[in-house]
Amino acid sequence: IEELFVMENEEDRKYNFGGFINSKYAYTYTSPTHHSMFRNTLELHVSDSLNEDISWKASARGSYDAVFEFENFYSDRVEDNRRFEGAFHETYMDISKGDWEFRLGRQHIIWGEMVGLFFADVVSAKDTRQWVAEDFDMIRIPQWAARVERYMGDYHAEAIWIPFMTYNEIGKPGDDFYSVGTEPLPGVRQEFRSVNHPTRDPSNSAYGLRLSTLKDGWDISGFYYGSRDASPTFFRRFEADPTPTLIFEPEHKRIHQFGGTLAKDFSNFLIRAEAIYTLDRRYLVNDLNDSDGVVKQDTLDYAIGLEHATMGGTTLNFQFFQRWYT
């Protein structure tokens, strides 16, 4: 259930206020049955223009999951992670100078073209604690970034720098959709450590470049993005004393991504495509003889989509996507 609202200053109509209230309830019917979510979210934002060249926006989002008031299914770690949340959301200043655009602050940077998929959408962090797809405005977590854009005829150039990255919210062990769910071996316990976020220094910053053009109706772009992986890799080690234990330690390692997008409207159908080549991403493996349970792989992700709007107003969307491990 979602309610949107907008308020304006009636005196001089200077400030624009708005926001939404969102409530979501879920019940898990497989054994053991339990109430799994009753999350209530409130977002408020305000924006204004100082002059023709400078404008700003500030927003904050808070949520309260009331499921823990009447459900004892989850651990204290899960409850602490989900019961109360609050943070600045999109909060930035925009500056325009001729062909140049500058945006400084917490912002969404969206590079993808596909519907419901995040292939080329590599910059924004994500809330991955729910499996059922939500609106992307609820999934995406903005980054504190500096962005510079320049418009040159049919071309658009963009450069970004993220001094202190925001990473994916993956929840805590015992939550319904925690990133790692392995069956423990007989006589071996499992221990999941907290995420080891990189320190806030320049060597852990993220940066990217993107160039796009619109020619004869073809919207084409290419980009490079270097960052710590927003999604953690679960490194594994074994300790035999005093109790045989597999210890999982999530870490964010540096990766490099090269990609491109394409879109073209042929009046009766729309074609979209994305491809991203990722270097040095780590993947968890099942081989217990592997010393850290992780292998480094380069991967190619690509997606091709076809969209058609019928005369009756129905939109049909077909998408094929694949990951190739080199």
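The values are calculated or read from the model by the stated rules, or taken from the named source; none is laboratory data. Model, not experiment: these values are computed from the prediction. Glycine gets a Cβ as well: all are built from the backbone with ideal geometry, and neighbour counts include every protein chain shown. Calculation scope for accessible area: heavy atoms of the full protein, side chains included, ligands and nucleic acids excluded. Shrake-Rupley method; radii C 1.70, N 1.55, O 1.52, S 1.80 Å.
Numerical summary
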| quantity | calculated |
| --- | --- |
| Options G313, G222, G226: the member that is farther than 30 Å from P186 by Cβ and over 24 Å from the mean Cα position of the chain (by Cα) | G313 |
| Residues within segment 67-77 that are open to solvent by 30 Å² or more (accessible area, probe 1.4 Å) and either under 24 Å from the mean Cα position of the chain (by Cα) or of a type in the set (V, I, T) (or both), tallied | 1 |
| Tally, over segment 94-117, of residues that are over 30 Å from H308 (Cβ atoms) and within 22 Å of the chain's Cα centre (by Cα) | 5 |
| Count of residues meeting criterion [open to solvent by 80 Å² or more (accessible area, probe 1.4 Å) and assigned to a loop (DSSP other than H, G, I, E, B)] in segment 288-325 | 4 |
| Check on D298, of a type outside the set (S, T, Y), farther than 21 Å from M165 by Cβ and more than 24 Å from the chain's Cα centre (by Cα) | no |
| Only listed residue being of a type outside the set (V, I, T) and out of contact with any strand residue (DSSP E or B) (no Cβ under 8 Å at 6 or more places or on another chain), chosen from G98, G112, G105 | G98 |
| Answer from D80, D53, D99 - the residue that is open to solvent by 60 Å² or more (accessible area, probe 1.4 Å), touching a residue at least 60 places away in the same chain (Cβ under 8 Å) and of a type outside the set (S, T, N, Q) | D80 |
| Qualifying strands (runs of 3 or more DSSP E) (wholly inside segment 164-268; at least 1 residues being without any contact (Cβ under 8 Å) to a residue 40 or more places away in the chain and open to solvent by less than 30 Å² (accessible area, probe 1.4 Å)) | 218-228, 254-265 |
| Test: residue in segment 146-161 that is under 16 Å from A125 (Cβ atoms), surrounded by 13 or more Cβ atoms within 10 Å (Cβ to Cβ) and within 16 Å of the chain's Cα centre (by Cα) | no |
| Search result, residues across segment 35-45 that are among the β-branched types (V, I, T) and either open to solvent by 60 Å² or more (accessible area, probe 1.4 Å) or farther than 10 Å from S63 by Cβ (or both) | none |
| Count of residues meeting criterion [assigned to a strand (DSSP E or B), open to solvent by 50 Å² or more (accessible area, probe 1.4 Å), at pLDDT 90 or above and among the β-branched types (V, I, T)] in segment 1-34 | 1 |
| Which listed residue is of a type in the set (F, W, Y) and within 25 Å of H252 (Cβ to Cβ), from F102, F164 | F164 |
| Subset of segment 302-323 (residues that are at positive phi and in contact (Cβ under 8 Å) with a residue 40 or more places away in the chain) | none |
| Residues of segment 269-287 that turn out to be outside any loop (DSSP other than H, G, I, E, B), open to solvent by 60 Å² or more (accessible area, probe 1.4 Å) and either at pLDDT 95 or above or out of contact with any Lys or Arg (no Cβ under 8 Å at 6 or more places or on another chain) (or both), as a count | 1 |
| Among (1) farther than 19 Å from P173 by Cα; (2) among the hydrophobic types (A, V, I, L, M, F, W, C); (3) touching a Phe, Trp or Tyr at 6+ places or on another chain (Cβ under 6 Å), the one test that V67 misses | (1) |
